[in-house]
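Worksheet: the structure to be examined is printed underneath.
The values are calculated or read from the model by the stated rules, or taken from the named source; none is laboratory data. Remember, predicted model here, so these are calculated numbers, not experimental data. Glycine also receives a Cβ, built like all others from the backbone with ideal geometry; neighbour counts cover every protein chain displayed. With ligands, DNA and RNA removed, areas are computed over all heavy atoms of the protein, side chains included. Shrake-Rupley method; radii C 1.70, N 1.55, O 1.52, S 1.80 Å.
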Amino acid sequence: MPDLLITGAAGKTGRAIIAALAGRGATVRALVRRQAQAAAVREAGAAEVVVADLRDHAALRRAAAGVDAIYHICPNMHPEEVVIGEGVIAAAQAAGLSHFVYHSVLHPQTEAMPHHWAKLRVEERLLAASLPFTILQPTAYMQNLLANWTKIQDEGRHATPYPASAAISLVDLADVAAVATRVLQEPGHAGAIYELAGPPLTQTAVAEALARHLGRPVAAAEIPLDDWEAAARRDGALSDYAVATLRQMFAYYARHGLEGNPFVLEALLGRPATTLAAFLARERP
């Protein structure tokens, strides 16, 4: 019987956490939306795969049966995050689980970023659920840089829809997965809310790190928000909700950045957080 259930398991977060847990001997049941995603989570190390819609409460109850804990990841930028969170919490309550870990976000208190605010609403439900819980609040992943790697290399530009001066804390997903594994496999984390963030970096500093890694100049460049939105809509990969939400997030970044502190992350890791330079050396040697 699996030790725990991971929802939203097919994304990069879910697969990283499955791999970290499997590497520590845990038996994982992975919940995915489509059958086509099953192979990827099995390759990551999942022992069982459940195919179900996170809005299907009966399916959630079946998926939660027999496990000790849930690690809940809602699909990124989902307009029904709160409804989904309520359903997963209800399934955990019905199953009498011993631990509920919620994958939230850094600074969910920020109403100007709707997807952050939705995660705060789920946190609120969890606080009232009479379940032993832990909430992890990671910042943006270093892995997000890899989506533009070809352009960074070919054009020598680190382009973002916010100014080069915007300071954003980044975190290595491998560090997040290591913390998730610790929280799930040892006692003492019930009732805790942990921010997981590296030190803030301006986009100029990120470009400088990229330049040092590549051995050639890389400039930080700002993409006008209207241009970013037009390109996103032409690409068609994002829903209207995701485009609108990301636009609001980028506007917030332009005004305030997203600055966290690495103290909690490093205390949980028992070592320094992975630096951007170390991440690049590992991922793009």
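In table form, for the structure just shown:
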read-out	value
Criterion: over 19 Å from R284 (Cβ atoms) and at pLDDT 95 or above - qualifying residue of A166, A205	A166
Residues satisfying the stated conditions in the stretch 162-174, i.e. closer than 27 Å to D226 by Cβ, open to solvent by less than 20 Å² (accessible area, probe 1.4 Å) and under 20 Å from the mean Cα position of the chain (by Cα)	A167, I168, S169
Answer from V41, V32, V82, V51 - the residue that is at pLDDT 95 or above, open to solvent by 60 Å² or more (accessible area, probe 1.4 Å) and of a type outside the set (D, E, K, R)	V51
Residue that is most open to solvent (accessible area, probe 1.4 Å), among those in the stretch 212-235 that are part of a helix (DSSP H, G or I) and under 17 Å from L280 (Cα atoms)	R212
Single unsatisfied condition, P199 versus (1) in contact with a helix residue (DSSP H, G or I) (Cβ under 6 Å, 6 or more places away or on another chain); (2) of a type outside the set (D, E, K, R); (3) under 17 Å from S165 (Cα atoms); (4) open to solvent by 60 Å² or more (accessible area, probe 1.4 Å)	(1)
Number of the exception - T181 against (1) farther than 21 Å from F250 by Cβ; (2) open to solvent by 20 Å² or more (accessible area, probe 1.4 Å)	(2)
Pick from the stretch 85-104, criterion open to solvent by 20 Å² or more (accessible area, probe 1.4 Å) and touching a residue at least 24 places away in the same chain (Cβ under 8 Å), ranking: nearest to R182 (Cα to Cα)	H99
Given (1) closer than 24 Å to Y253 by Cβ; (2) open to solvent by 20 Å² or more (accessible area, probe 1.4 Å), number of the condition H158 does not satisfy	(2)
Criterion (closer than 20 Å to L196 by Cβ, of a type outside the set (S, T, Y), open to solvent by 10 Å² or more (accessible area, probe 1.4 Å) and in contact (Cβ under 8 Å) with a residue 40 or more places away in the chain) met by exactly one of I135, I73	I73
Lone qualifier among Q153, Q143 - being more than 15 Å from the chain's Cα centre (by Cα), open to solvent by 20 Å² or more (accessible area, probe 1.4 Å) and in contact (Cβ under 8 Å) with a residue 24 or more places away in the chain	Q153
In the stretch 265-284, the residues that are among the β-branched types (V, I, T), farther than 30 Å from P224 by Cα and open to solvent by 50 Å² or more (accessible area, probe 1.4 Å)	none
Unique residue being open to solvent by 20 Å² or more (accessible area, probe 1.4 Å) and under 21 Å from the mean Cα position of the chain (by Cα) when the list is G14, G23	G23
Single match in A209, A177 (criterion: in contact with a strand residue (DSSP E or B) (Cβ under 9 Å, 6 or more places away or on another chain) and part of a helix (DSSP H, G or I))	A209
